[in-house]
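Here is the structure we will look at.
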Amino acid sequence: MIGLISGTKSGGGACARLASAWPARTRVYEGPVREAFERAFRECEQVVCFLATGAVVRLAAPLLAGKAVDPGVVCVDEGGRFAVALLGGHAGGANALARAVGEVLGAEPVITTATDAVAVPGLDMLGFPVEGDVAGVTRAMLDGEPVALEAELVWPLPALPSNVSAPEAGAAGAVPTLPQALGSARAGDAPLAGRGEEPVVRVSDRTLEPALREVVLRPPSLVVGVGASKGAPVDEVLGLVRDSLRGAGLSALCVRELATVDAKRDEAGIVEAAGRLGVPLVTYAAEELAAVEVPNPSGAPLAAVGTASVAEAAALRGGGELLVPKRKSERADGRPAMATCAIVRRPARGRLAVVGLGPGARDLLTPRARDELRRAAVLVGLDQYVDQVRDLLRPGTRVIESGLGAEEERARTAVAEARAGRAVALIGSGDAGVYAMASPALAEAGDDIDVVGVPGVTAALAAGALLGAPLGHDHVSISLSDLHTPWEVIERRVRAAAEADLVVTFYNPRSRGRDWQLPKSLALLAEHRAPTTPVGVVRNASRPDESVRLTTLAALDPDSVDMMTVVTVGNTATRAIAGRMVTPRGYRWQGV
Ligand code: SAH
């Protein structure tokens with residue numbers, strides 16, 4: 001909930017606008033300002049004050065408890081010109097809230113968190129927990145001071161600036177191998193040294209106290225398999241899980257999920273234990289678990305639920321290394337144990353984001369695409385598309401660019417980088433799945449990497465919006481490039497579209513060495529459509545030298561078309577109305 005507080009009449013107007021824009025998410029706190037603020041601060045995750053920053057600083061000061069618990073606070077000035085993220089920029093979400101409030105009120109968001117302002121990834125914004133001296137290490141990163149990256153686990157992190165680097169292999173303070181690291185992994189042990197006095201960014205799932213100038217990133221690397229007999233108390237299940245983690249020197253912050261057998265999906269002790277750990281409960285069918293090879297099978301679960309292992313098999317089901325073999329709970333009253341648990345470290349999975357950049361204009365690049373570009377450590381794409389977004393990349397992003405035609409190699413490179421555990425963005429213009437990189441990349445990719453697709457505005461849509469409403473009824477896209485598709489196949493599809501009276505958008509309509517396909521295709525359509533059928537020719541949609549022409553099947557001059565162009569041919573109902581191309585929806589609008 002977002003609490004809203006205003007002190008003045010003009011502030012009240014903006015406050016009311018925000019409340020009506022977000023009715024379900026906001027609550028207006030009335031009454032004397034101090035009391036209203038105190039209540040909102042206690043009850044809400046975020047607070048927006050239509051008050052001077054000074055006033056809010058004084059109101060908030062006595063209530064502050066810490067970054068992790070305080071709500072995010074945004075101040076909007078009386079004139080409604082600025083939305084200032086005052087408190088909780090990251091943890092409280094105030095930076096994002098200031099942007100959102102700015103959008104509703106037409107105010108300029110004011111963000112002063114250094115990492116947001118200068119494109120260094122916020123260490124507390126990576127999507128998993130972080131411990132230690134976040135402020136100090138962030139400052140060192142921003143100041144360009146050398147910072148050691150000690151990655152005990154390979155994990156797909158976003159790009160870090162060049163002053164954050166892994167120690168040379170074999171150098172003093174190099175990352176220990178996992179067995180070495182685990183060997184000394186007891187709480188309270190002296191943390192592993194970085195390079196001398198350098199601040200350290202450590203990626204680890206071991207329990208360790210961060211040193212003075214160190215942050216420890218806690219990626220979700222651990223899966224805890226659990227079994228429990230009917231009625232097992234939550235304290236017994238949770239106690240066993242916590243004991244097992246502690247005994248192995250593993251951090252509870254790195255647990256990504258509890259796993260068990262379907263039959264225990266509603267077992268209260270397990271459900272509640274997952275809830276208290278703040279992780280999802282994943283369940284598997286008994287047959288699936290029975291097929292997993294485990295070191296410690298036993299007869300009891302076989303009889304009860306149909307698999308010789310629950311805890312170990314559920315933990316190992318998604319692959320990984322068994323760090324803690326099956327353990328049973330110990331009961332003070334000497335009765336038989338009711339819970340079992342086993343812990344597995346999942347191998348890191350690389351992350352491949354397939355990102356459509358839209359047709360060209362920056363404001364047609366989606367916010368999600370922008371986030372993915374900044375989430376990536378490696379960017380793979382055609383050089384001209386890389387140029388389109390270079391300014392958005394975080395410092396330190398590795399760019400692998402290639403020229404036209406190297407699609408398969410690009411796809412293979414992107415997948416190989418992801419397989420190596422990195423965060424990769426593979427980019428394409430328009431939508432990356434439309435005559436572009438998504439298919440060759442996913443044809444290469446196995447189930448050992450995570451894939452995220454970000455849709456983009458494809459050329460047919462960008463052109464459609466410029467032409468009017470040509471795609472108002474059934475339509476099809478056809479690429480006239482016969483590089484990967486034999487002409488006979490293309491021709492068959494054009495004929496089918498002609499017969500089916502579909503609106504057709506031609507991609508790759510014409511290139512220097514390929515000039516007869518477009519006239520041929522138009523002739524095929526003309527067998528079923530009048531010479532006056534509207535045709536839209538859009539070149540470089542949303543780019544600086546954009547051009548839009550509306551013509552007809554009979555009048556189109558193929559020489560005016562090139563590879564930067566899409567050609568949209570109407571169906572038999574499409575009309576030119578007031579200079580715009582309109583295809584009726586064809587529904588009967590009135591009464592049935
Ligand atoms: N993935 C892209 C299409 C790649 S095929 C997308 O979704 O848009 C390349 C063809 O797309 C070009 O030959 C041209 O026909 C078309 N195209 C791409 N961007 C365009 C733009 N901005 N304006 C007009 N046509 C464009």
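The values are calculated or read from the model by the stated rules, or taken from the named source; none is laboratory data. Predicted model only: the values in this text are computed from it and were never measured. All Cβ positions, glycine included, derive from the backbone under ideal geometry; neighbour counts span all protein chains shown. What goes into the accessible areas is simple: the full protein's heavy atoms, side chains included, and nothing from ligands, DNA or RNA. Shrake-Rupley method; radii C 1.70, N 1.55, O 1.52, S 1.80 Å.
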Quick one: in region 424-439, of everything that is at pLDDT 95 or above and in contact with a Lys or Arg (Cβ under 8 Å, 6 or more places away or on another chain), which residue is farthest from the ligand (Cβ to nearest atom)?
V424
Go through region 331-418 and tell me which strands (runs of 3 or more DSSP E), entirely inside it, have 1 or more residues that are open to solvent by 60 Å² or more (accessible area, probe 1.4 Å).
398-402
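For every residue, the table says whether it meets (1) within 16 Å of the ligand (Cβ to nearest atom); (2) outside the structural domain of G405 (by TED's automatic domain parsing); (3) of a type in the set (V, I, T).
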site	(1), (2), (3)
V494	yes, yes, yes
F506	yes, yes, no
R512	yes, yes, no
Q517	yes, yes, no
T533	no, yes, yes
V537	yes, yes, yes
A554	no, yes, no
Determine whether region 374-383 contains at least one residue that is away from the ligand (no atom under 16 Å from the Cβ), farther than 28 Å from L142 by Cβ and within 17 Å of the chain's Cα centre (by Cα).
no
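Within region 463-492, restricting attention to residues that are hydrophobic (A, V, I, L, M, F, W, C) and closer than 11 Å to L524 by Cβ, which residue is farthest from the ligand (Cβ to nearest atom)? Steps first, answer last, please.
Initially, region 463-492 is screened for residues hydrophobic (A, V, I, L, M, F, W, C), giving 463, 465-467, 469, 471, 476, 478, 480, 483, 487, 489-490.
Still in the list and also closer than 11 Å to L524 by Cβ: 478, 490.
Details: I478: 11, I490: 14 Å.
Selected residue: I490.
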Only residues that are more than 13 Å from the ligand (Cβ to nearest atom) and either open to solvent by less than 40 Å² (accessible area, probe 1.4 Å) or under 34 Å from the mean Cα position of the chain (by Cα) (or both): list them for region 542-551, please.
T551
Quick check on region 43-75: of everything there that is under 31 Å from the mean Cα position of the chain (by Cα) and open to solvent by 30 Å² or more (accessible area, probe 1.4 Å), which residue is nearest to A100 (Cα to Cα)?
Q46
Scan region 402-419 and tell me whether some residue there is within 12 Å of the ligand (Cβ to nearest atom) and under 30 Å from V582 (Cβ atoms).
no
Hey, can you tell me all the residues within region 535-544 that are farther than 21 Å from W516 by Cα and either of a type in the set (K, R) or at pLDDT 95 or above (or both)?
N540, A541, S542, R543
Consider region 556-573. How many of its residues are more than 9 Å from the ligand (Cβ to nearest atom) and open to solvent by 30 Å² or more (accessible area, probe 1.4 Å)?
6
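Pick from R242, R276: which is out of contact with any Phe, Trp or Tyr (no Cβ under 9 Å at 6 or more places or on another chain), open to solvent by 50 Å² or more (accessible area, probe 1.4 Å) and under 21 Å from P336 (Cβ atoms)? Full working, then the answer.
Numbers: R276 fails: under 21 Å from P336 (Cβ atoms).
Checking each option against the conditions leaves just R242.
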Of (1) under 20 Å from the mean Cα position of the chain (by Cα); (2) without any contact (Cβ under 8 Å) to a residue 24 or more places away in the chain; (3) in the same structural domain as G249 (by TED's automatic domain parsing), P367 satisfies every one except (3)
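Return the total of residues in region 288-315 being of a type in the set (D, E, K, R) and surrounded by 15 or more Cβ atoms within 10 Å (Cβ to Cβ).
Let us first name the residues in region 288-315 that are of a type in the set (D, E, K, R), namely 288, 293, 312.
After this cut, where a residue has to be surrounded by 15 or more Cβ atoms within 10 Å (Cβ to Cβ) as well, the list is 288, 312.
Qualifying residue count, region 288-315: 2.
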What number of residues within region 14-26 satisfy the criterion of being surrounded by 15 or more Cβ atoms within 10 Å (Cβ to Cβ) and without any contact (Cβ under 8 Å) to a residue 24 or more places away in the chain?
1
The conditions are (1) within 16 Å of the ligand (Cβ to nearest atom); (2) outside any loop (DSSP other than H, G, I, E, B); (3) open to solvent by 20 Å² or more (accessible area, probe 1.4 Å), and A576 fails exactly one of them. Which is it?
(1)
